[in-house]
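So the structure is just underneath, and the comments pick up after that.
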Amino acid sequence: MVQKKKPAKPPARASNGAGAESPSTPSKEAAQLPPLFPSIVVAIIAFLGGVLTPPSLHAYRSATSASNPSDSFPLPRHTVPCTPSNLDNYLHVKPIPGLHLICIEQLSVGEDGKEQALPPTSDANEQRRRLRQIDSLRLTIYKGSHSGPLRRRIKVGGGSQGVQSFAWPEVKMQLIRELGLAPEGKLQQPWALFTALGERIVGENDNVLGKGAGEVGSNQQVMASIAASGMVVIAQGGNWVWPGVREGFERTIELAPMDETGKSVDPRNITIETLSMVPLVLSIKGFLTEDECDHIAEKAGPSMRYSSVSLKDADKGRAASDWRTSQSTFLSSKDDPILRAIEDRTASLTRVPRNHQEYVQVLRYGTDEKYDAHHDYFDPKAYQSDENTLRLIENGKKNRFATVFWYLTDVDDGGHTIFPRAGGRPPVRSHKDCTKGLKVQPQKGKVIIFYSLDAAGAMDEYSLHGACPVGEGNVKWAANKWIWNAPMGYVT
């Protein structure tokens, strides 16, 4: 069977866990009763006694809003209202395992005492005012992001202090029941909930009750973010996956990479095109500049060597050239602001933190050089005699999740990236065959993303891919970023 490139060795880790932050503990002041607590008690008694009607209760909430922590913590940068046109950008004809879409409607009791849905708003001040006044949330659940008629509606929350009084642990339990979400286990990463544009809001095991009311990650901030998002997405595998929707679908997003200080740099819009749904393959033109492509190739040139592979148990003793005839090297972004910026941009594109990345692997293919079809993930069943690989992947809980493949040159003849099982094709007879399947032509500055694990975190056998032989007189330069489903310690 075809083998994959060995991962680069990670740097040594600090034995004292340097860099990790301890969970914050609420201060003594945060644990004390708020100054308005007596007024709140009086208001509740008055409401129960009929002195305060629903409209006057809303007026009371507005009057006491100055002390509301929702004014201090950040809300999602971009939200997507749940409209029919926006739903078309997320729902699929066939269910997508592990990827669930949820529409969020804010409900409030009107002057007539009846519950009504509030219309979407893009005004930040209005959004914060609403968060202090909504009575509950109505969630429409599209399991598997499926456009079919089967969907569920549930109502969550309810309290006298707006969204800050809703409890995320209770909402989480309802979502687990409705979606059948699997808990973290020996081979399962914890699931996570995101905005519709990939901003992580909360994960299965986040300790939201262990933070103060005004802190990022607190129960109040999590529920406010969910309420303000319009649509949210749950990924069973715990990492963001761009919904492919259908072949040919295009989605324009903002890239806003963060520098080492957390400041957004070089923001710009790019368009993601779906090339294949099975496996999920996405294409982005113009991701890299010509100068960046040239810089990577020039820096890698002196250290290029013929490539090695990780041998499966069944292939011990065979030469790497049986499958792979390219040259390659790994580059670190240390002291290289250009590579560092591209890594940050890659994290922004995939919505997966940069500490999930391996070092960039640079590739050079000369005439007739190729890499037979293979998977980028490590199937633990194929490495039972390789203790190092099993330790690296924790017997399968950790794995390569996605590959971002960078094309550094144009190639006029050959050199395509091939996905021989695209569209659900049957297993290949020959891993060397470059005649059947999806073929992506190298184009300088373009990148593709393909997912080795699906949204549920399972290995996708259809992600089989290879590099076709390069034609006469051509040289193909490329590079790839392997992204794991958990932090790995290669890139920090």
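The values are calculated or read from the model by the stated rules, or taken from the named source; none is laboratory data. Note that the structure is predicted; figures quoted are calculated from it, not measured. With ideal geometry, Cβ positions are generated from the backbone for all residues, glycine too; neighbour counts draw on all protein chains shown. We work out accessible area using only protein heavy atoms, side chains counted, and drop any ligands, DNA or RNA first. Shrake-Rupley method; radii C 1.70, N 1.55, O 1.52, S 1.80 Å.
General observations
- Cα gyration tensor shape for region 183-336, rounded if a/c is under 1.5, else prolate or oblate: prolate
- Accessible surface, region 337-458, averaged per residue in Å² (probe 1.4 Å): 37
- Centroid-to-centroid, using Cα positions, region 432-456 and region 377-431 are 11 Å apart.
- In this simple spin-label approximation, residue 78 and residue 184 carry label points 7 Å from Cα along the Cα→Cβ vector, and these lie 2.9 nm apart.
- Calculated FRET value between residue 89 and residue 425, using beta carbons and R₀ = 25 Å, to 0.05: 0.35
- Using θ = phi - 60° and Karplus 6.51 cos²θ - 1.76 cosθ + 1.60, couplings along region 470-486 (whole Hz; Gly, Pro as x): 7, x, 4, x, 10, 10, 10, 9, 8, 8, 9, 10, 7, 10, 8, 8, 7
- For region 75-91, 3J(HN,Hα) per residue [Karplus equation, 6.51 cos²θ - 1.76 cosθ + 1.60, θ = phi - 60°, Hz, x = Gly/Pro]: 9, x, 5, 10, 10, 10, x, 7, 10, x, 5, 6, 4, 4, 8, 9, 8
- With a simple spin-label model that places each label point 7 Å from the Cα along the Cα-to-Cβ direction, the separation between residue 303 and residue 367 comes to 3.0 nm.
- Rough spin-label spacing in nm, given labels placed 7 Å along Cα→Cβ, for residue 336 and residue 285: 2.8
- Estimated FRET transfer efficiency (residue 118, residue 273; beta-carbon r; R0 30 Å; 0.05): 0.30
- Protein accessible area in region 349-435, 1.4 Å probe - carbon and sulfur %: 46
- Theoretical FRET efficiency, 1/(1+(r/R0)^6), r = Cβ-Cβ of residue 173 and residue 384, R0 35 Å, to 0.05: 0.40
- Cα lying deepest toward the dipole's positive end in region 300-452, options 300, 422, 449, charges on Cβ: 422
- One chain, two ends: residue 150 and residue 126. Fully extended at 0.36 nm per residue, the span grows by 5.3 nm beyond their Cα-Cα distance.
- Backbone N within region 72-114 under 19 Å of label point (7 Å from residue 246 Cα along the Cβ vector): 83-97, 101
- Based on protein heavy atoms only, region 160-296 ends up with 40 Å² per residue of surface accessible to a 1.4 Å probe.
- Nonpolar atom fraction for region 95-136, defined as the carbon and sulfur part of the 1.4 Å probe accessible area, stands at 48 percent.
- Calculated from backbone phi, Karplus (6.51, -1.76, 1.60) coupling profile of region 284-289 in Hz, x at Gly/Pro: 9, 8, x, 5, 10, 7
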